[in-house]
Amino acid sequence: MKMLHVVNKSPFEKSSLSSCLRVAKNDSGILLIEDGVFGALQGTSVTDEIAGRSADFKIYVLGPDLAARGLSEKPIIDGIEIIDYEGFVDLAVEHGAVNSWL
Amino acid sequence: MAEEFDDEFDGPVKRFLFVNRKAPYGTVYALESLEVVLISAAFDQDVSLVFMDDGVFQIVKDQNTDGINIKNFSRTYRALEGYDVEKLYVEKESLEARGLSEDDLLVPVEVLDSKALSELMNAQDVVISA
């Protein structure tokens, strides 16, 4: 069963996303929420690390958290899908377990 | 004997620097820091603000919090001018690491490199980091 990894910490401040990318099994889902959404942006100091693994995982980012931070119009890493809260619920249901990287 | 009320603060004026290093909304630090900035300004202190690390996200324009049920306090940064808080600085390195530029910001700021920021920090009486 696939696992959904949920990351809510800024990749510039915490190593949660790096650890998740290192430990998560290929084909897992990774959902970026709250300050974790910064990890979806193009052109940052952590873009290469995340873009380099985007083929190994299905990566999602929560749209309302991007919008709150003024980032809706900013370019997102190729392959990352923007979802809403309903999509969040669907992912939680579709995956066997949810791992929140607090 | 009633004391006469004087709304002018006549105590000592110190140089306060608020160092904002956290993104808004994910934690309460940014909003709390802003509250203290306004209180300091009410006491006629010499206030400067620095935005560095994830703190630069506090002043990114076009924030819309309708979808997360949290108050959008980013407009308050634009009101700081009305409280004579006009010295806003952003660390260049922090902006660049996040793929941002001055055009992405909602208030006029002075962009400083870390060396200039170091000088600014050193010239303060009080530094409050959040």
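The values are calculated or read from the model by the stated rules, or taken from the named source; none is laboratory data. Predicted model only: the values in this text are computed from it and were never measured. Cβ atoms come from the backbone with ideal geometry, glycine included; neighbour counts cover every protein chain shown.
Points to keep in mind about this one:
- Looking only at the range A:1-48, and only at residues there that are closer than 18 Å to A:Lys74 by Cβ and surrounded by fewer than 15 Cβ atoms within 10 Å (Cβ to Cβ), the one that is farthest from the other protein chains (Cβ to nearest Cβ): A:Asp48
- Residues that are touching a residue at least 12 places away in the same chain (Cβ under 8 Å), closer than 22 Å to A:Leu71 by Cα and of a type in the set (Ser, Thr, Tyr), drawn from the range B:21-42: B:Tyr25, B:Tyr29
- Taken over the range B:17-47, the residue count meeting the criterion of being touching a Pro at 6+ places or on another chain (Cβ under 6 Å) and polar (S, T, N, Q) is 0.
- Residue check for B:Ala130: surrounded by 12 or more Cβ atoms within 10 Å (Cβ to Cβ) and either within 14 Å of another protein chain (Cβ to nearest Cβ) or acidic (Asp, Glu) (or both): yes
- As a summary of the residue check, B:Met1 satisfies the conditions (1) farther than 24 Å from A:Val46 by Cα; (2) modelled with pLDDT of 95 or more; (3) away from every other protein chain (no Cβ under 13 Å) except for the one numbered (2).
- Here A:Ile83 fits the description: under 11 Å from the mean Cα position of the chain (by Cα) and in contact (Cβ under 8 Å) with a residue 40 or more places away in the chain.
- For B:Gln124, the conditions (1) assigned to a helix (DSSP H, G or I); (2) more than 26 Å from A:Gly70 (Cα to Cα) are fulfilled apart from (1).
- Filter pass, A:Gly52 being more than 14 Å from every other protein chain (Cβ to nearest Cβ) and either surrounded by 20 or more Cβ atoms within 10 Å (Cβ to Cβ) or over 30 Å from B:Lys71 (Cβ atoms) (or both): yes
- Of all the residues in the range B:62-110, those that are surrounded by 15 or more Cβ atoms within 10 Å (Cβ to Cβ) and at positive phi number 1.
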